[in-house]
1. Could you work out how much longer the chain between Thr93 and Ala133 gets when fully extended? Use 0.36 nm per residue separation minus the Cα distance between them, nm to one decimal.
2. Estimate the FRET efficiency between Ala64 and Leu6 by the formula 1/(1 + (r/R0)^6), using the beta-carbon distance for r and 22 Å for R0, to the nearest 0.05.
3. Amide H to amide H, which residues 5 or more places from Val11 or on other chains are under 5 Å from it, using H placed in the peptide plane?
4. Using a cut-off of 28 Å between alpha-carbon atoms, which lysines can reach Lys103, once sequence neighbours fewer than 8 places away in the same chain are excluded?
5. Provide the per-residue ³J(HN,Hα) series for region 95-112, in order, calculated from phi with Karplus coefficients 6.51, -1.76, 1.60 and θ = phi - 60°, each as a whole number of Hz, with x at glycine and proline positions.
6. Using a basic spin-label model with each label point 7 Å from the Cα along Cα→Cβ, how many nm lie between Gln158 and Ser35?
7. Between Gln109 and Ser191, what's the calculated FRET efficiency when r is the beta-carbon distance and R0 is 22 Å? Round to 0.05.
8. Extending each Cα 7 Å along its Cβ direction at Glu75 and Leu120, get the distance between those two points in nm, one decimal.
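All of the numbers you see were taken from the coordinates with simple rules; none came from a lab. Computed from a predicted structure; not experimentally measured. Backbone-built Cβ (ideal geometry, glycine too); neighbour counts: all protein chains shown.
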Amino acid sequence: MVSAALPDGGVGLFLVDAGPEGGGVDKHPYPTFDSQRGAQIDLDQAPAAPLGDAVDASAAIRNAIIRIQSAMCAEAVGTMEEALRLTTDYLKTRKQFGVTLNKFQALTQRAADMYVSLELARSMSFYAAMSIADGNLDPLIASRSKLQIGRSGRHIAQESIQLHGGIGVTAEYPVGHYAARLTAIDHTLGSTQDQLRVLIDHIADYDLVRL
C-alpha cells in the first residue's frame, strides 16, 4: 500500500502488486542499525488500484500516524525502563576501588536523573494514549509526546552506556541495542527537532514561550 497525490488534490491510498521483479516495483532490503529490517521501494510506472474510493485520505493517514507515534512512544518507555534497570543493577554490582559503583554519589545522582527522564516520558506517553482512547487524535499532543520521548530516550541511552563503560557498547550486552532502538524511534515519523518545529509553528505568542 502506498500513498500518492490525486489529480484533483489531496492524497490517495493505492494497492501495488509487489510481485516478481520487472513489474515496475524494485525492492532493495537492508538491515537497519537497530537490528530491524528496512527496504527502499522504487516504483516505475507500476500498476496500482485505489484502496476503496479514490478520495482524499489525508485525514486517515494523519490519524494512523498519530496512533503509530503513540505506540512507538509506549515502546520507547519500556525500552528506557529496561535500560535504566540494567544500569542500576550494574551500579549495584560493579566494584571500583573496593566498593560498588552505587557508593559514589555522582553516579547515583546520574541514575536518579535518568529516572526523572523516564517518568517524564511515561507521563507524556500516557497522555497521548489516553487522548487517543478518548477519541481525540490531536497531532500536537502526538508531537509533544514524541518530543519528550526523544529527549528522554537520548538522555537515558547515552547515560546507560556511559555508566556501563566499555561493556555498554558490546554486541553481547543489551544496553547498546536499547540505545540504538531509542535512536531509531526518535528518527521515525519525525525526530525531536521535527516535533519541535511543529510545535513552534503553532505558537500564537512567542513572548509567552520559553523553549
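1. Numbers: separation 40, 0.36 × 40 = 14.40 nm, distance 4.17 nm.
Separation in residues times 0.36 nm, less the Cα-Cα distance, equals 10.2 nm.
2. Numbers: r = 18 Å, r/R0 = 0.80.
According to the calculation, E is roughly 0.80.
3. Under 5 Å from the amide H of Val11 lie the amide H atoms of Leu6, Ala57, Ser58, each far enough along the sequence or on another chain.
4. Filter leaves Lys92, Lys95.
5. Karplus-based 3J(HN,Hα) across region 95-112 equals 10, 9, 6, x, 9, 6, 5, 6, 7, 8, 4, 4, 6, 5, 5, 5, 5, 5 Hz.
6. Distance between the two pseudo-spin positions: 2.4 nm.
7. Working: r = 28 Å, r/R0 = 1.29.
The computed FRET efficiency comes out at 0.20.
8. 2.3
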